[in-house]
Amino acid sequence: MSGTSEENRECGIRHTFTVKVRDRLPNHYPEEAARLAHWCNVFDAEGLAPVVGGASAGNLSFRTPRGFMITATRSTLKSGLGWRDFVEVVREDLLGWEIHVLGERPPSSDAFLHGRIYAARPDVGAVLHGHDDVVLERADDLARLHGVRVTAQARRFGTRMDAEETAEALGDGSFVIRRGHGFAAVGKSVDEAGALAVFMHREAVRLARG
């Protein structure tokens, strides 16, 4: 399987949904936000969110009582993020294709993907999306050895179809490879999802080395 497609390699604001800002400050979840910031740094260090075009190619979130907290669009994950750098999504309007947030910046272009996974999986407390060419290239091996899920075909990120098809492909699993794009790891906590993402990356590297 090939790596990231050129269409999906560029970082930027690709969402087609409308962002409605309800308040400039998100709610403060100190412990969860600290763990999210920690895993942002890990993703950067492990090469799971490479910087492309001045921003990190990846987005991380955790579930909140009102919705979920997610990295803002065009974030740089290695920059020592604090809780005010995140955006809390409190409502998704699929029919109107709008997303309502608390925060100073727009949410990641993959916000609806995170929302679709949370809606389908009440057991999931965190969704971490990264870009990893080695994982994409070893997708068939990872599916065979570890039962990871793979989407049927590449889709442009930030679209309704991409969000819905990725959530469907994940099903009841914990790791899905977005063909031509990247991966999403889920878990009950940010730590659980992060550990899974790092494991799959290192496993793919091992397999690539033979």
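The values are calculated or read from the model by the stated rules, or taken from the named source; none is laboratory data. All figures in this text were calculated on a predicted structure; none of them were measured in a lab. Because the Cβ atoms are built from the backbone with ideal geometry, glycine has one as well, and the counts that use them run over all protein chains shown.
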In this structure, does THR166 turn out to be polar (S, T, N, Q) and either out of contact with any Leu (no Cβ under 8 Å at 6 or more places or on another chain) or without any contact (Cβ under 8 Å) to a residue 12 or more places away in the chain (or both)?
no
Criterion: hydroxyl-bearing (Ser, Thr, Tyr) and either in a helix (DSSP H, G or I) or at pLDDT 85 or above (or both) - qualifying residue of SER61, SER79
SER61
Going by what's in this entry, would VAL124 be described as in contact with a strand residue (DSSP E or B) (Cβ under 7 Å, 6 or more places away or on another chain), part of a loop (DSSP other than H, G, I, E, B) and of a type in the set (Val, Ile, Thr)?
yes
Look at LEU94 and say whether it is at pLDDT 90 or above and either in contact with a helix residue (DSSP H, G or I) (Cβ under 9 Å, 6 or more places away or on another chain) or within 18 Å of VAL190 (Cα to Cα) (or both).
no
Residue ID - nearest to LEU36 (Cα to Cα), chosen from residues in the stretch 81-104 that are among the charged types (D, E, K, R) and under 17 Å from the mean Cα position of the chain (by Cα):
ASP85
What pairs can you find where one residue is in the stretch 169-186 and under 15 Å from ALA120 (Cα atoms), the other is among the acidic types (Asp, Glu) and part of a loop (DSSP other than H, G, I, E, B), and their Cβ atoms are less than 9 Å apart, with a gap of 6+ or different chains?
ASP172/ASP123; ALA184/ASP110; VAL186/ASP123
Working carefully through the options SER56, SER61, SER75, find the one that is in contact with a strand residue (DSSP E or B) (Cβ under 9 Å, 6 or more places away or on another chain) and either closer than 15 Å to VAL190 by Cβ or surrounded by fewer than 16 Cβ atoms within 10 Å (Cβ to Cβ) (or both).
SER61
Scanning the stretch 155-202 for residues that are assigned to a loop (DSSP other than H, G, I, E, B) and either buried (at least 17 other Cβ atoms within 10 Å of the Cβ) or within 12 Å of the chain's Cα centre (by Cα) (or both), which turns out modelled with the lowest pLDDT?
GLY158
Would you check which residues across the stretch 82-109 are in a strand (DSSP E or B) and in contact with a His (Cβ under 6 Å, 6 or more places away or on another chain) and list them?
VAL90, ARG91
Do the conditions hold for ALA111, that is, is it crowded, with 22+ Cβ neighbours inside 10 Å, out of contact with any helix residue (DSSP H, G or I) (no Cβ under 6 Å at 6 or more places or on another chain), touching a residue at least 40 places away in the same chain (Cβ under 8 Å) and within 26 Å of HIS201 (Cα to Cα)?
yes
Take the residues in the stretch 57-93 that are hydrophobic (A, V, I, L, M, F, W, C) and free of Cβ contacts under 8 Å to residues at least 40 places away in the same chain; name whichever of them is farthest from ALA195 (Cα to Cα).
VAL89
Select from the stretch 131-152 the residues that are out of contact with any Gly (no Cβ under 8 Å at 6 or more places or on another chain) and in a loop (DSSP other than H, G, I, E, B) and write down the one among them that is nearest to GLU98 (Cα to Cα).
THR151
